[in-house]
Amino acid sequence: MSTAELKTTDETAPSYPLTARNRVKRRHDRGFYDHETVHKILDAAMMCHVSYVIDGQPYCTPTFFWREGTKLYWHGSSASRMLKNQTAHQRVCLTVAFLDSLVLARCGFNHSADYRAVMAFGNAYLVTDPAEKDRAGIAMVDRFFPDRTASLRATTAQEMKATSFIAMEIEEASAKIRAKGVADDDEDYELPIYAERIPVKTVIGAPEPCPRLLPGVERPASLQIFSEGRLLDDALTDAYALEYPNG
């Protein structure tokens, strides 16, 4: 599917504002700002990278995250330098990226890759409201494994105290997508040089049950979305739809 074919977004659909910060400057034809495209990429992911600055030094930290409407959440240890820095509405940039293929062309300049990526900007804040923190404590599990928390040992007060949650309302965001495969210059197609697209996929492997399971404890049916051979981004997208049926 070409980038042009992907450009079918309804211009009246909800979109993030286009600003100097989130505008895709190089190959702007690959840029998307509508909620549907941005959220679809975010919801297919489990890990993001959060960029921030401490005393003039830039950092970028990988962490698990999830989306609720136009708000993003991530969590970590209460002692985390990243989380301590983001407690006072610090500006952050959160990114997600998927490598979908390697592209071998007929010249070095046209070698490329197909990909999907999102950059989201906003002010991060520490979740201190008890009700919101309780919801986040459930969501950090159930967003990926729907309804699992109800079957688990309850989180202790000490465990919850040791965990912090950061939230960020998405103020600006953009998606950038390349999905065109081999794209050589017209005259280069006449050259006797091999070219191809190599798809790249993250595939779920066979489950490996804990060797200390008690007799009779079976794998829950809810984990069928993580069946062997499925694409991970498909499974995570399905999990999101189950946990947040209204998007």
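The values are calculated or read from the model by the stated rules, or taken from the named source; none is laboratory data. The model shown is predicted, which means the values in this text are computed figures rather than measured ones. Methodologically, a virtual Cβ is constructed for each residue, glycine included, from the backbone with ideal geometry; neighbour enumeration extends over all protein chains shown. With ligands, DNA and RNA removed, areas are computed over all heavy atoms of the protein, side chains included. Shrake-Rupley method; radii C 1.70, N 1.55, O 1.52, S 1.80 Å.
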Worksheet item: Could you list, in sequence order, the residues of segment 206-221 that are touching a Ser or Thr at 6+ places or on another chain (Cβ under 9 Å) and either among the hydroxyl-bearing types (Ser, Thr, Tyr) or without any contact (Cβ under 8 Å) to a residue 60 or more places away in the chain (or both)?
Response: PRO207
Item to complete: Could you please find all residues in segment 148-183 being more than 18 Å from PHE64 (Cα to Cα) and basic (Lys, Arg)?
Response: ARG153, LYS161, LYS176, ARG178, LYS180
Discussion item. Just to verify a result, which residue in segment 120-147, among those that are over 20 Å from the mean Cα position of the chain (by Cα) and closer than 25 Å to VAL53 by Cβ, is least open to solvent (accessible area, probe 1.4 Å)?
Written reply: VAL127
Item to complete: Could you list all residues from segment 157-170 that are in contact with a Lys or Arg (Cβ under 9 Å, 6 or more places away or on another chain) and open to solvent by 50 Å² or more (accessible area, probe 1.4 Å)?
Response: GLU169
Worksheet item: Which condition breaks for LYS25 when tested against (1) farther than 25 Å from THR237 by Cβ; (2) in contact (Cβ under 8 Å) with a residue 60 or more places away in the chain; (3) not aliphatic (A, V, I, L, M)?
Response: (2)
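Going through segment 104-119 one residue at a time, which ones are among the aliphatic types (A, V, I, L, M) and either without any contact (Cβ under 8 Å) to a residue 12 or more places away in the chain or crowded, with 19+ Cβ neighbours inside 10 Å (or both)? Before the answer, list the steps.
Of all residues in segment 104-119, those among the aliphatic types (A, V, I, L, M) come to 104-105, 113, 117-119.
Of everything in segment 104-119, those that are among the aliphatic types (A, V, I, L, M) and either without any contact (Cβ under 8 Å) to a residue 12 or more places away in the chain or crowded, with 19+ Cβ neighbours inside 10 Å (or both) turn out to be ALA105, VAL118, MET119.
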Practice prompt. Kindly establish whether ALA154 is surrounded by 10 or more Cβ atoms within 10 Å (Cβ to Cβ) and not aromatic (Phe, Trp, Tyr).
Written response: no
Item to complete: Would you confirm whether any residue within segment 207-217 is of a type in the set (D, E, K, R), surrounded by 11 or more Cβ atoms within 10 Å (Cβ to Cβ) and modelled with pLDDT of 95 or more?
Response: no
Practice prompt. All but one of (1) without any contact (Cβ under 8 Å) to a residue 60 or more places away in the chain; (2) over 27 Å from the mean Cα position of the chain (by Cα); (3) surrounded by fewer than 10 Cβ atoms within 10 Å (Cβ to Cβ) hold for TYR194, so report the exception by its number.
Written response: (1)
Worksheet, complete the sentence: Scanning segment 30-50 for residues that are without any contact (Cβ under 8 Å) to a residue 60 or more places away in the chain and surrounded by fewer than 20 Cβ atoms within 10 Å (Cβ to Cβ), the one nearest to THR19 (Cα to Cα) turns out to be ASP34
Practice prompt. Would you check which residues across segment 1-55 are modelled with pLDDT of 80 or more, of a type in the set (S, T, N, Q) and within 21 Å of the chain's Cα centre (by Cα) and list them?
Written response: SER15, ASN22, THR37, SER51
Discussion item. So, in segment 227-247, how many residues would count as being without any contact (Cβ under 8 Å) to a residue 60 or more places away in the chain and not aliphatic (A, V, I, L, M)?
Written reply: 7
Response to the item:
So, first residue closer than 28 Å to ASN123 by Cα in segment 153-165, second residue basic (Lys, Arg), Cβ within less than 9 Å, six or more apart or across chains; the pairs are MET160/LYS133; THR163/LYS133; SER164/LYS84; SER164/LYS133; PHE165/LYS133
